[in-house]
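Scroll down for the structure; my scribbles are underneath it.
The values are calculated or read from the model by the stated rules, or taken from the named source; none is laboratory data. What you are looking at is a predicted structure, and each value in this text was computed from that prediction instead of being measured. We place every Cβ from the backbone using ideal geometry, glycine too, and count neighbours over all the protein chains shown.
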Amino acid sequence: MTIFHLSAECYPIAKVGGLGDVVGALPKYQNKLGEKSSVIMPFYDNKFTRSNNFKTVYSGKLHLGMPMDFRMLTLEDNDLGFDIYFVDVPYLLYKDYVYSSNDTGRFLAFQIAALDWLVRLQEKPDVIHCHDHHTGLVPFMMSQCYAFQKLKSTPSVITIHNGQYQGWFGHDLVHLIPPFDFNNVGLLDWNKMVNPLAAGIKCSWKVTTVSPSYMEELKYAANGLEHLLQSESHKCVGILNGIDTSVWNPKTDGYIVKNYTTQSVESGKKGNKDWVCEKFGLSPELPLFIFIGRLVGEKGADLLPYIFDSVLRSKKLSIMMLGSGDGNVENQLESLKNSHNGYYNNYIGYNEQLSHILYAAADFILMPSRVEPCGLNQMYALRYGTVPIVNSVGGLKDTVIDVGEKGFGIRHGGPNVHEVVHAVGRAIEFTGFTEHFKKNRKLIMQIDHSWDASAQTYINLYHSIQS
């Protein structure tokens, strides 16, 4: 089966969040299962593209108010585990960022160019798998635009990684979409706006989300798309994401200070924890709690300064925070360095290597998310023997069982300061049960959250919609 994934992100080329991790792993695992799975993404101006060589496989023109040249590129040397193709529209996509505040034209050009190439391939794709709103117009254009009629019978799937972002734009820009029967313009509309995610839900053959619980949550809270998802529920399914266990493996991880297995987890985590504590001025004798992620409301980041200030007063733990986002939250977190010197530190920004080291070093990871479609951080943490403290929402609810229910993590009932502070207290008590805590570390490292099962589930889904 020939599968093309279309996405704005793909690790290790360009990653902003979990979308990049998923698209960088799912096709690799599908190929291991005997399929032919590839990725199409924009050609950005970043470290990866500047340090690799590319060859042109196709040149074409698209019309976006004016004619534009574009090229389809591929890597000359590729060890990713899947073929990858890049849409190069120099004045639109070749930027040193993935997203900006005005991306309608950029991602519309990406989608049109990708389809222009796909429709000309000698080997017709068996499935086109779109990811989030940046590719949400592809199912519509495949079924409605005259230029892409050869793809009308090709099954399309759209995965919602985060339903809060939908790519809205005004109907005054509909003319930028290649010609189609205007009687069907309603397929683009939701709440008097062109809504790419809504169009993808309406026109794709199947709609998936990145966890079963998130699919159910979207039917009641989807930033305006609740009724649409309820009406299209017959083609909706939640499939839990996996993690790339070749990248996230404490035994072989080249980023971390000291590698380890279940048999050497205590000494391995101590080696990484000692490094973090020396680097950031923390005590290696105390339980180490971490937060890794974007400082946005969805992640409960606005609660962090108050949670940290409250729990650090006990002087029974250390906290290390890695992330960036809301400027006000960043400033509040920075100020905690003074009031809790020696017990708290942070790194404002993102650092891939440091994130790996923190997973390996920490005793607990905090995830007080208000919205968490799947969550990958808790899976990475488990792989490295770090106990997740999570809100019972979305994929967190699907992947973390509370120790009080014969599980292995700590769950709380809401994204608020009181609930999280109480959960942190439970975590500190858990460390007091030394043998149980050590046994739990070994247990959680062996939980299988690899992509193997999820990749097969997607393949089964593709087979179910073959005409």
**Request:** Hey, could you check region 250-270 for residues that are surrounded by 14 or more Cβ atoms within 10 Å (Cβ to Cβ) and more than 17 Å from residue 442 (Cα to Cα) and say which is farthest from the chain's Cα centre (by Cα)?
**Result:** 257
**Message:** Condition (residue is out of contact with any Lys or Arg (no Cβ under 9 Å at 6 or more places or on another chain), over 17 Å from residue 390 (Cα atoms) and not basic (Lys, Arg)) applied to region 284-296: is it met by at least one residue?
**Reply:** yes
**Item:** Hits in region 121-134 - residues which are within 22 Å of residue 157 (Cβ to Cβ) and either more than 21 Å from the chain's Cα centre (by Cα) or charged (D, E, K, R) (or both)
**Value:** 121, 123, 124, 125, 126, 127, 132
**Asked** Quick check: anything in region 118-125 assigned to a helix (DSSP H, G or I) and over 18 Å from residue 207 (Cα atoms)?
**Response** yes
**Prompt:** In region 397-412, what count of residues is obtained for those that are in contact with a strand residue (DSSP E or B) (Cβ under 7 Å, 6 or more places away or on another chain), assigned to a helix (DSSP H, G or I) and either of a type in the set (Asp, Glu) or in the same structural domain as residue 240 (by TED's automatic domain parsing) (or both)?
**Reply:** 0
**Prompt:** Is one or more of the residues making up region 451-458 of a type outside the set (A, V, I, L, M, F, W, C), surrounded by 15 or more Cβ atoms within 10 Å (Cβ to Cβ) and either touching a Lys or Arg at 6+ places or on another chain (Cβ under 8 Å) or under 22 Å from residue 303 (Cα atoms) (or both)?
**Reply:** no
**Message:** Give me the residue from region 15-66 that is of a type in the set (Phe, Trp, Tyr) and under 26 Å from residue 293 (Cα atoms) and, out of that set, surrounded by the most Cβ atoms within 10 Å (Cβ to Cβ).
**Reply:** 29
**Prompt:** Is it true that some residue in region 319-335 is within 17 Å of the chain's Cα centre (by Cα), in the same structural domain as residue 269 (by TED's automatic domain parsing) and among the polar types (S, T, N, Q)?
**Reply:** yes
**Asked** Would it be correct to say that residue 93 is closer than 20 Å to residue 465 by Cβ and surrounded by 22 or more Cβ atoms within 10 Å (Cβ to Cβ)?
**Response** no
**Asked** Which one is nearest to residue 164 (Cα to Cα), of the residues in region 371-383 that are part of a helix (DSSP H, G or I) and aliphatic (A, V, I, L, M)?
**Response** 379
**Asked** Taking region 211-235, which residues are surrounded by fewer than 20 Cβ atoms within 10 Å (Cβ to Cβ), among the small types (Gly, Ala, Ser) and within 24 Å of residue 454 (Cα to Cα)?
**Response** 233
**Message:** Please go through region 274-295 and give me each residue that is modelled with pLDDT of 95 or more and either surrounded by fewer than 19 Cβ atoms within 10 Å (Cβ to Cβ) or farther than 22 Å from residue 379 by Cβ (or both), ordered by number.
**Reply:** 274, 275, 277, 278, 279, 280, 281, 282, 283, 284, 285, 286
**Complete:** Selection from region 344-377 of residues crowded, with 24+ Cβ neighbours inside 10 Å and of a type outside the set (A, V, I, L, M, F, W, C) yields 344, 359, 368, 369, 372, 373, 375, 377
**Request:** Run residue 293 past the list (1) over 29 Å from the mean Cα position of the chain (by Cα); (2) on the phi > 0 side of the Ramachandran plot and report the number of the one that doesn't hold.
**Result:** (1)
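Residues checked against (1) closer than 29 Å to residue 221 by Cα; (2) assigned to a loop (DSSP other than H, G, I, E, B):
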| position | (1), (2) |
| --- | --- |
| 337 | no, no |
| 350 | no, yes |
| 365 | yes, no |
| 369 | yes, yes |
| 385 | no, yes |
| 395 | yes, no |
| 414 | yes, yes |
| 421 | yes, no |
